[in-house]
């Protein structure tokens, strides 16, 4: 877990994530791993018992996980949402905006570079899953 | 025109600094070219055959004189003294040095310009009708809608790594001057029975190796729902568009595979959810933007007559000047297609001159067209002669709008690392073959479009006459297509038969237009003749 970058105050979840099929077939798992081609909405009936959802990014170009993250947050999921795989420094910001609050990159990231990337933009144009007010909201109070 | 507020400016400024750091990491060797590639591509920087190419965004093709002069300045200071206006209403520079790119972006940011999302698998520059705000046949100004979409799509966190690039177009006139239905999303503003303006949404058009004309997905979306509806369209694509094969990754393939009805059903379902999230800005935001596109302070007494004494001027007026919604005014198109020139290229001096003319005669506004020409949208008819004289002195008064020498051509093998064949020399040969203005005018409206490879950047599928360059066992070969259209009567061209070498294709074009002349009825356009008689008479003349 040393390589996981977390933006949460609670303790890291210890239970290993199971596959979506395994999760849907058993009742007691609290952590699940969602592959990029799997439907995040399959988890919606079970969100209240999940503490960790790990979303796979097999290649940085594969952007399906961004939609998965938002769909889970829009459905009210408040547990840990982790982006795992080919996660690069320039993707942490859009991932944060889509609701991810922990990161398990294949290759370790420079923490200072991540901090700079996250603080880079003082304004955003869209409402997303991170609670930031878009500029249209700021413009019109 | 839209003017940045401090929020817009801070976003563009932050982007410049971000890219400056990324370039520094590349120049120091910290980033390999492989690692740098996705970063530079998000900022319009391509590595081409000979050098870096930088593509600068011109949102919906609209710019003012100050911005136009900046484009000239960049051409002069950082390139070889010219720029190339593109079929996406942008400009690109073909001889850029990597180390200069942060400074170029910083200079552009001082005039509210950038290169954000001019490449990469994200939502690209929003395109629109070059006559927006001026056209006699529009029901509303599409630009406020386009600006709303520009802001929404800029650094959209969910849609920055789509299966493939994504192009959106907004028009508001019956005549489609922007190839709306050949976009991933085409939006046509329409009025409902209550007289309110809304968006008809077409999804899944495109060119490339599998050209498709977008079907209508929703007949009317009010402005208050536009962004959430488009968000739903994109989310369905991001989740289910193919990622196993880049040639099948555009949204048109998804539409083709699941069908328009099933796609519409999925979007409606997604929209029912997304709409509840409060993603749409308040009406006040649309009104704020729309106020910046208010009509200019027209001279109500502007005379309607044009002095046609000078025959060369009269020719230019007949060909390049279009009706305006305001009496006494006209829309003038500046052709960037001189005979023997490179379609879409302009020198820094020409760019400066066009900026001067816009400032003096067109309420400080210019437009870039998808056919790679420049428009002065608000010219008093009484000023047309002065404008024409100034253009003529700079080699910019070619009177060939929509004629056979007004060719769209991609950069081709002269620049592009994807190309199979050269496009520019072929465009020059064809324009030279048909250089007689009398002959061109006799042939009438004839849209000829050339792509140097199957990716179709030169829109060959949508040409009345299209030419596709292919590689045939190591030599350049050109296929001929007939009957395409990117206009409101959109259609895809059909290949005539075996391809030709460079001289052979010019001869084939000539045989094609001579066949048209032989079989046309009085006043019939090439495209209409083709549609009436079919491809056979042309094939006979070409191959017979």
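May I ask you to list the residues in the range A:116-141 that are more than 9 Å from chain B (Cβ to nearest Cβ) and assigned to a loop (DSSP other than H, G, I, E, B)?
A:131, A:132, A:133, A:141, listed by residue number.
Having 1 or more residues that are in contact (Cβ under 8 Å) with a residue 12 or more places away in the chain and within 20 Å of the chain's Cα centre (by Cα) is the bar; report the helices (runs of 4 or more DSSP H) wholly within the range B:384-482 that clear it. So that I can check it myself, show each step before the final result.
Details: elements: B:384-393, B:424-433, B:437-443.
So the answer is B:424-433.
Would it be correct to say that residue B:83 is closer than 30 Å to residue B:424 by Cβ, within 14 Å of chain A (Cβ to nearest Cβ) and either in contact with a helix residue (DSSP H, G or I) (Cβ under 8 Å, 6 or more places away or on another chain) or part of a helix (DSSP H, G or I) (or both)?
Working: closer than 30 Å to residue B:424 by Cβ: yes; within 14 Å of chain A (Cβ to nearest Cβ): no; either in contact with a helix residue (DSSP H, G or I) (Cβ under 8 Å, 6 or more places away or on another chain) or part of a helix (DSSP H, G or I) (or both): yes.
So residue B:83 fails the test.
Give, as residue ranges, the strands (runs of 3 or more DSSP E) completely inside the range A:1-115 that count at least 1 residues that are closer than 26 Å to residue B:30 by Cβ.
Numbers: elements: A:31-34, A:52-57, A:80-85, A:102-105.
Output list reads A:52-57, A:80-85, A:102-105.
Quick one: would you say residue B:49 is more than 14 Å from chain A (Cβ to nearest Cβ) and more than 26 Å from residue B:143 (Cα to Cα)?
Values: more than 14 Å from chain A (Cβ to nearest Cβ): yes; more than 26 Å from residue B:143 (Cα to Cα): yes.
Answer is yes for this residue.
Could you please find all residues in the range A:90-129 being crowded, with 22+ Cβ neighbours inside 10 Å and modelled with pLDDT under 95?
A:91
So, residue B:55, is that one away from chain A (no Cβ under 13 Å), within 24 Å of residue B:149 (Cα to Cα), at pLDDT 95 or above and not in a helix (DSSP H, G or I) or not? Lay out the reasoning, then the answer.
Details: away from chain A (no Cβ under 13 Å): yes; within 24 Å of residue B:149 (Cα to Cα): yes; at pLDDT 95 or above: yes; not in a helix (DSSP H, G or I): yes.
Judged against the criteria, residue B:55 is a match.
Residue by residue, here is whether (1) in contact with a strand residue (DSSP E or B) (Cβ under 8 Å, 6 or more places away or on another chain); (2) farther than 25 Å from residue B:9 by Cα; (3) crowded, with 23+ Cβ neighbours inside 10 Å holds:
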{"residue": "B:33", "(1), (2), (3)": "yes, yes, no"}
{"residue": "B:39", "(1), (2), (3)": "no, no, no"}
{"residue": "B:42", "(1), (2), (3)": "no, no, yes"}
{"residue": "B:56", "(1), (2), (3)": "yes, no, yes"}
{"residue": "B:60", "(1), (2), (3)": "yes, no, yes"}
{"residue": "B:73", "(1), (2), (3)": "no, no, no"}
{"residue": "B:78", "(1), (2), (3)": "yes, no, no"}
{"residue": "B:81", "(1), (2), (3)": "yes, yes, no"}
{"residue": "B:119", "(1), (2), (3)": "yes, no, no"}
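Being part of a loop (DSSP other than H, G, I, E, B) and under 23 Å from residue A:61 (Cα atoms) is the filter; apply it to the range B:1-46 and report the residue that is nearest to the other protein chains (Cβ to nearest Cβ). Write out each step before concluding.
To start, the set of residues in the range B:1-46 that are part of a loop (DSSP other than H, G, I, E, B) comprises B:1-5, B:28-32, B:42-44.
Pick out the ones that are also under 23 Å from residue A:61 (Cα atoms) and you get B:29-32, B:42-44.
Numbers: B:29: 15, B:30: 10, B:31: 10, B:32: 13, B:42: 8, B:43: 11, B:44: 16 Å.
My answer is B:42.
Output the number of the condition that residue B:370 fails; it satisfies all remaining conditions of (1) within 16 Å of residue B:406 (Cβ to Cβ); (2) without any contact (Cβ under 8 Å) to a residue 40 or more places away in the chain.
Looking at each condition in turn, residue B:370 falls short on (2).
Quick check: anything in the range B:338-345 surrounded by 22 or more Cβ atoms within 10 Å (Cβ to Cβ) and either in contact with a helix residue (DSSP H, G or I) (Cβ under 6 Å, 6 or more places away or on another chain) or not assigned by TED's automatic domain parsing to the domain that holds residue B:477 (or both)? Steps first, answer last, please.
Start the filter on the range B:338-345 by keeping residues that are surrounded by 22 or more Cβ atoms within 10 Å (Cβ to Cβ), which leaves B:343-344.
From what is left, the residues that are either in contact with a helix residue (DSSP H, G or I) (Cβ under 6 Å, 6 or more places away or on another chain) or not assigned by TED's automatic domain parsing to the domain that holds residue B:477 (or both) are B:343-344.
Yes, that holds for at least one residue.
Collect the residues in the range A:101-115 that are more than 10 Å from chain B (Cβ to nearest Cβ) and in contact with a helix residue (DSSP H, G or I) (Cβ under 6 Å, 6 or more places away or on another chain), keeping them in residue-number order.
A:109, A:114
Just checking, how many residues over the range B:140-160 are part of a loop (DSSP other than H, G, I, E, B), more than 14 Å from chain A (Cβ to nearest Cβ) and either in contact with a helix residue (DSSP H, G or I) (Cβ under 7 Å, 6 or more places away or on another chain) or modelled with pLDDT under 95 (or both)?
First, pick out the residues of the range B:140-160 that are part of a loop (DSSP other than H, G, I, E, B): B:140-142, B:154-160.
The next check asks that each one be more than 14 Å from chain A (Cβ to nearest Cβ); those that pass are B:140-142.
Those still in the list that are either in contact with a helix residue (DSSP H, G or I) (Cβ under 7 Å, 6 or more places away or on another chain) or modelled with pLDDT under 95 (or both) too: none.
Final tally of qualifying residues: 0.
Of the residues that sit in the range B:277-294 and are assigned to a helix (DSSP H, G or I) and at the interface with another protein chain (Cβ under 9 Å from one of its Cβ atoms), which one is farthest from residue A:135 (Cα to Cα)?
The first filter runs over the range B:277-294 and keeps only residues assigned to a helix (DSSP H, G or I), leaving B:277, B:283-291.
Adding the requirement that they be at the interface with another protein chain (Cβ under 9 Å from one of its Cβ atoms) leaves B:277, B:284-285, B:288.
Details: B:277: 16, B:284: 13, B:285: 10, B:288: 13 Å.
So the residue we want is B:277.
Could you pull out the residue among B:134, B:172 that is buried (at least 22 other Cβ atoms within 10 Å of the Cβ) and without any contact (Cβ under 8 Å) to a residue 60 or more places away in the chain?
Details: B:134 fails: without any contact (Cβ under 8 Å) to a residue 60 or more places away in the chain.
Step by step, each of B:134, B:172 is checked, and only B:172 is buried (at least 22 other Cβ atoms within 10 Å of the Cβ) and without any contact (Cβ under 8 Å) to a residue 60 or more places away in the chain.
Inside the range B:355-367, can you point out the residues that are buried (at least 24 other Cβ atoms within 10 Å of the Cβ) and in contact (Cβ under 8 Å) with a residue 60 or more places away in the chain?
Here is the first cut: in the range B:355-367, the ones buried (at least 24 other Cβ atoms within 10 Å of the Cβ) are B:357-358, B:362, B:366-367.
Hits for the range B:355-367 are B:358, B:366, B:367.
What's the number of the condition residue B:89 fails, among (1) within 14 Å of chain A (Cβ to nearest Cβ); (2) in contact with a strand residue (DSSP E or B) (Cβ under 8 Å, 6 or more places away or on another chain); (3) assigned to a loop (DSSP other than H, G, I, E, B)?
All conditions are met except number (1).
Which of the residues belonging to the range B:3-16 are surrounded by 15 or more Cβ atoms within 10 Å (Cβ to Cβ) and without any contact (Cβ under 8 Å) to a residue 24 or more places away in the chain?
B:7, B:10, B:14
Restrict the check to the range B:376-394 and report whether at least one residue is buried (at least 22 other Cβ atoms within 10 Å of the Cβ), under 15 Å from residue B:68 (Cα atoms) and either out of contact with any strand residue (DSSP E or B) (no Cβ under 6 Å at 6 or more places or on another chain) or at pLDDT 95 or above (or both).
yes
The values are calculated or read from the model by the stated rules, or taken from the named source; none is laboratory data. Predicted model, so just to flag it, every value in this text is computed and none were measured. FYI the Cβ positions are ideal-geometry reconstructions off the backbone, even for glycines, and counts take in every protein chain you see.
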